[in-house]
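*Asks:* Would you mind keeping the following structure in view while I ask a few things?
The values are calculated or read from the model by the stated rules, or taken from the named source; none is laboratory data. Just so you know, these numbers come straight off a predicted model, no measurement behind them. As a convention, Cβ positions derive from the backbone with ideal geometry for all residues, glycine included, and neighbour counts pool all protein chains shown. Areas reflect the complete protein model, heavy atoms only, side chains present, ligands, DNA and RNA absent. Shrake-Rupley method; radii C 1.70, N 1.55, O 1.52, S 1.80 Å.
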Amino acid sequence: MHIHYISEKNSILNHFLSQLRDITIQKDSMRFRKNIERIGEIMAYELSKTLEYKNVAVQTPLGIKHTTTIAEPVVLCSILRAGLALHQGFMNFFDDAENGFVSAYRHHYDNDDKFEILVEYQAAPSFEGKNLILVDPMLATGQSLVAVLHKLHLEQKPKEIHIAVVIAAPEGIAFLEENLPSNCHLWVAALDEKLNEHNYIVPGLGDAGDLAYGNKL
């Protein structure tokens with residue numbers, strides 16, 4: 001798997017990441033969503049540099065301009081509900097992309113730390129021969145992303161698979177490397193230290209879905 005860490009050099013991305021984590025700022029859910037969206041835009045731009053392009057001739061009011069455009073269609077897919085703001089950031093740049101949505105959540109058997117990932121809802125277009133970009137803010141154990149990709153990838157083969165996450169734990173990255181094809185690309189805005197005993201990212205930022213859209217029952 002090809003891994004891209006995009007916050008290693010200082011940029012406005014690091015500024016937005018620090019605001020996401022700050023407990024005095026993240027309480028503003030609108031600002032939290034907007035910062036996730038902004039990070040999605042930055043990640044979309046960086047990711048776009050690696051896609052395949054084709055030569056085209058564009059008619060302008062004054063002549064012909066020879067330039068390039070993305071060669072293969074893009075499909076954006078996000079995991080509900082936490083991925084929606086990040087999805088919007090990517091969609092702001094890939095504005096003609098097709099879109100898909102999948103639900104995945106941790107099902108705890110006995111209200112303890114053991115869980116399985118349940119994928120119960122899927123609404124996605126065909127991505128055969130296209131660039132599939134799967135976005136999710138948090139990469140903790142990696143089990144949700146693998147479960148979703150296995151469900152989506154059952155019968156169709158995209159040209160490329162890109163996974164974009166805002167914050168990742170080393171354990172989750174290792175799990176993806178073990179369970180996904182070697183030609184996948186993983187885009188990470190920030191790499192954190194570890195998972196705690198409850199499989200949450202430390203230092204992390206908390207529950208991205210709750211911070212963006214309110215506490216769930």
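*Asks:* Filter region 11-22 for residues that are in contact (Cβ under 8 Å) with a residue 12 or more places away in the chain and more than 17 Å from Leu191 (Cβ to Cβ) and give the result.
*Replies:* Across region 11-22, the qualifying residues are Ile12, Gln19.
*Asks:* A further question follows. Looking at region 12-22 only, could you name the residues that are open to solvent by less than 60 Å² (accessible area, probe 1.4 Å), farther than 17 Å from Gly214 by Cα and in contact with a helix residue (DSSP H, G or I) (Cβ under 8 Å, 6 or more places away or on another chain)?
*Replies:* Selection gives Leu13, Phe16, Leu17, Gln19.
*Asks:* Another one. Is it the case, given these coordinates, that Pro61 is modelled with pLDDT of 95 or more and under 19 Å from the mean Cα position of the chain (by Cα)?
*Replies:* no
*Asks:* Separate question: Restricted to region 177-197, and to residues that are open to solvent by 80 Å² or more (accessible area, probe 1.4 Å) and of a type outside the set (Ser, Thr, Tyr), which residue is modelled with the lowest pLDDT?
*Replies:* If we take residues in region 177-197 being open to solvent by 80 Å² or more (accessible area, probe 1.4 Å) and of a type outside the set (Ser, Thr, Tyr), then Asn183 is modelled with the lowest pLDDT.
*Asks:* Kindly check whether there is at least one residue in region 116-134 that is open to solvent by 60 Å² or more (accessible area, probe 1.4 Å), over 28 Å from Arg38 (Cα atoms) and at pLDDT below 75.
*Replies:* Yes: region 116-134 contains one or more residues that are open to solvent by 60 Å² or more (accessible area, probe 1.4 Å), over 28 Å from Arg38 (Cα atoms) and at pLDDT below 75.
*Asks:* Gly129 fails exactly one of the following numbered conditions: (1) within 11 Å of the chain's Cα centre (by Cα); (2) at positive phi. What is the number of that condition?
*Replies:* (1)
*Asks:* Across region 23-41, what is the number of residues that are without any contact (Cβ under 8 Å) to a residue 60 or more places away in the chain and either under 18 Å from His87 (Cα atoms) or buried (at least 17 other Cβ atoms within 10 Å of the Cβ) (or both)?
*Replies:* Total satisfying the criteria: 7.
*Asks:* Follow-up. Mind listing just one residue for me: the one in region 135-168 that is among the charged types (D, E, K, R) and in contact with a strand residue (DSSP E or B) (Cβ under 8 Å, 6 or more places away or on another chain) and, of those, modelled with the lowest pLDDT?
*Replies:* Per the stated criteria, the residue is Lys151.
*Asks:* What are the residues in region 145-169 that are under 28 Å from Arg21 (Cβ atoms) and either open to solvent by 60 Å² or more (accessible area, probe 1.4 Å) or part of a helix (DSSP H, G or I) (or both), if any?
*Replies:* Correct list: Leu145, Val146, Ala147, Val148, Leu149.
*Asks:* Right, something else. Scan region 84-103 and give yes if some residue there is among the hydrophobic types (A, V, I, L, M, F, W, C), outside any strand (DSSP E or B), over 28 Å from Glu8 (Cβ atoms) and in contact with a strand residue (DSSP E or B) (Cβ under 9 Å, 6 or more places away or on another chain), otherwise no.
*Replies:* Within region 84-103, none of the residues are among the hydrophobic types (A, V, I, L, M, F, W, C), outside any strand (DSSP E or B), over 28 Å from Glu8 (Cβ atoms) and in contact with a strand residue (DSSP E or B) (Cβ under 9 Å, 6 or more places away or on another chain).
*Asks:* Here's a follow-up. Of (1) on the phi < 0 side of the Ramachandran plot; (2) open to solvent by 10 Å² or more (accessible area, probe 1.4 Å); (3) at pLDDT below 95, Gly83 satisfies all except one. Which?
*Replies:* (2)
*Asks:* Open to solvent by less than 40 Å² (accessible area, probe 1.4 Å) and in a loop (DSSP other than H, G, I, E, B): which single residue out of Gly172, Gly204 fits that description?
*Replies:* Within the list Gly172, Gly204, the selection yields Gly204.
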